[in-house]
Amino acid sequence: MSLPNNEPTVVERTSLSRRRFLAGASAGSLVLMGNFASGRTITLGTESEVERFNPDFFVAIDSDGTVTILAHRSEMGTGIRTGLPRVVADELEADWNRVVIEQAPGDKRLGDQNTDGSNSIRFFFDRMRMAGAVARTMLERAAAKKWGVDATDCRAELHVVKHTKSNRTLEFGDLVELASDLEVPSPKEIKFKPRSQWRYIGTDFKIADLDDIVTGRAVFGIDARMDNQLYAVVARPPVAGGKVVSFDAAEARKVPGVVEVIEIAGYDGAPNFLPLGGIAVCATSTWAAWQGRNALSIEWDHGPNADYDTDVYAQELTRTTQKPCKVLRRSGDANETVEQSAKVVKADYSVPHLSHAPMETTCAVANVTTDETGKVTACHVLAATQNPQAVQQAVGPVMGMAPADVLVNVTLLGSGFGRKSKPDYCVEAAVLSRETGRPVHVTWTREDDLRHDYFHAIAAVHAEAAIGEDGMPTAWIQRAAYPTIGSTFVAGASEPATWEAEMGLTDLPYDIPNLSLEVGQAKAKTRIGWLRSVCHIQQNFAVSSFADELAHEAGQDPLKYLIALLGRDRRINMKEAGLGNRGASPEDYPYDVGRLKNVLKRVADAADWGRRGTLPKGKGLGIACCRSFLGYTGHVVEVEVTQDGVVRIPHVWVSIDSGTVVSPDRVRSQVEGAAIMATTQAMYGKVSFKKGRTVETNYDGYRMSRMSDSPREIHVDIVDSSAAPAGVGETGVPSFAPALCNAIFVATGKRIRDLPINDHDLKWS
């Protein structure tokens, strides 16, 4: 496979046309573009034709047989830059060794480009199959026309079209000129390959960028370069919402290499994806810019959040959830049942702020040109971004440009977890380039990332249940309070959105007659954003921990208790329950309780759950499950806790049902990575605020899981399924932390309701 490796590929929007999509494409190239969401497919002719349609994908076949596929999602370790093109190649019957992948620029005509929310395969699996199948069908028809035979007797197979009756063959490249003149078949004419004939889908593969990554040739955002660029580091307000009162840059300008010191305006109202503001130091190297920043003297107005103290705020959230809140889902009369019950169990859970802390800090380089009046005439951003269209939408208005006029190219990402779909750093780079008249590369230090993140929300969850004589709940009340992600976009928003509540709160699958699922008010004191698995982090931690507590209270095995809680195999009527189902069709993606129970049973069998009761003190097994991002997971975590309270995780077992799988190896990798990330979050993850400022500013305070902390062995079981593709990357996170805490309870007798685990004394004797 031929892929650029020494420099990031710069693709202009004007290349999204028949003649410009591929540099060097011959006049006889077949280039397909399709709006497969709507069922329309066209052959590209002119750029004006492109403008009339909303493309999802491009396939180009050159006269030498080279197949070029446009990757419109961002690669950050998931393998998506390879996975989606392989779906196309499978339906096309292309030889993978003759496929070239081109990274797409930001362009709304490509459809959704936000590589976030475990949506890439779900959104584009069928569309990519259609792209490949349309091209294959046209090649088969071209061969039939050339031979003067029936098209039904022509079949594409590994980069050739074969006439089944005579065994004659033609290379793809020999057919593209003829194929490009054919009428494009309608979707009704297209026949997909049966699953039994899939060549690439469902098989392991090496990601296209792997060799470059492991040899150091790959270009990430931190590596991006433009001619004559400057490097910038920004001193941002220590408190979110703060402003610069005054500054003195005299000493900073004395630092060798410092070129300019520029003030960046902050936001008013909701933060959105605008810069925090502050003072930028532009220099000939990042080091010089960093040292120049250290030499700045700045007076800050810390603004309305200067009193933010997470210890105080956490107590406020807990008090909120201990009283009735806004009911989002109700069945029966949970409150009356609880009041009249002879036995009621209550518990309060909490989760602190978390940071994305990607290995590669946020970074971008921008080149802005202006005319003699100062009006921006062009803007090019080269960035490690999960969402190039969000970059366009954020940068465009600040530059006085239409978003579509901002050229955004995407590098590889050194992880993202949702942080790099928020392009405030790209706006910073564009502003500084406009002011300096040169390309500017903005680099966030590790301290910047931890001080100025879009943090995962601090949260409190209250649960209570009325218990019947059989030990099972007859009523369940759950209340959650946390600052909403909506506060990032709407000033003053203070209540979790319905879609946030649907991540582990209102989508409760337990078969309980009386339910009251509620959310409370919580004002944001800092920027709040989505982080891998989002609100499932706090809400499933509470749900799965509380279920384990109820099992213990009832003196029952947690696995059997969970299965009993889930009740009969059924499909929950999402519409009747008032649930959004992540916008997915309830028919294609039903909430299938049977599938959730299945991963529970499979993971329990894999872990030899029956030995749980025979383990000595200091050892334990914990179990939990979750449906998140439309996929299903069950976790069993095995722990060893030394008498002095040190936690070790010898084994983790995970069963995941994510429907149809494009690459089992990528699923395993994502689930393994999720377990390690969830270990960090559960054991150590905590960002605290005092006087409006983050206390943890680097990895010495915000600790990552080390090799000694991480699970020694992670066993991944992938359910073989023909169901529609569902989430993987985010799906593997939520049920880990409660399973771990449930295991610690078995090992030590100590129940953990407040994360992180490291804040608790786990010594035992």
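Quick notes on this one:
- Against the test of being of a type in the set (G, A, S) and surrounded by 19 or more Cβ atoms within 10 Å (Cβ to Cβ), the options A347, A306, A334 yield a single qualifying residue, A334.
- Within the range 663-703, tally of residues that are out of contact with any strand residue (DSSP E or B) (no Cβ under 6 Å at 6 or more places or on another chain) and part of a loop (DSSP other than H, G, I, E, B): 14
- Qualifying positions in the range 258-291 - in a helix (DSSP H, G or I) and closer than 29 Å to P397 by Cβ: T286, A289
- Looking only at the range 173-206, residues that are touching a Ser or Thr at 6+ places or on another chain (Cβ under 9 Å), surrounded by fewer than 17 Cβ atoms within 10 Å (Cβ to Cβ) and of a type in the set (G, A, S) come to 2 in all.
- Residue count, the range 98-131 (criterion: outside any strand (DSSP E or B), of a type in the set (D, E) and more than 26 Å from G529 (Cα to Cα)): 1
- Subset of the range 343-380 [part of a loop (DSSP other than H, G, I, E, B), in contact (Cβ under 8 Å) with a residue 24 or more places away in the chain and over 33 Å from the mean Cα position of the chain (by Cα)]: K343, K375
- On inspection, V636 does not qualify as under 23 Å from the mean Cα position of the chain (by Cα) and either crowded, with 22+ Cβ neighbours inside 10 Å or not in a loop (DSSP other than H, G, I, E, B) (or both).
- Per-region count, the range 587-625, residues in contact with an Asp or Glu (Cβ under 9 Å, 6 or more places away or on another chain) and of a type in the set (S, T, N, Q): 1
- Looking across the range 724-759, the residues that are in a loop (DSSP other than H, G, I, E, B) and touching a strand residue (DSSP E or B) at 6+ places or on another chain (Cβ under 8 Å) come down to A726, G727, V728, E730, T731, G732, V733, P734, S735, R753, L755.
- Selected residue (criterion: nearest to the chain's Cα centre (by Cα)) from residues of the range 117-129 that are touching a residue at least 40 places away in the same chain (Cβ under 8 Å) and surrounded by fewer than 24 Cβ atoms within 10 Å (Cβ to Cβ): G117
Read the figures in this text as sums done on the coordinates, not as results from a lab. Computed from a predicted model, the values in this text were never measured in an experiment. Note: ideal-geometry Cβ built from the backbone for every residue, glycine included; neighbour counts use all protein chains shown.
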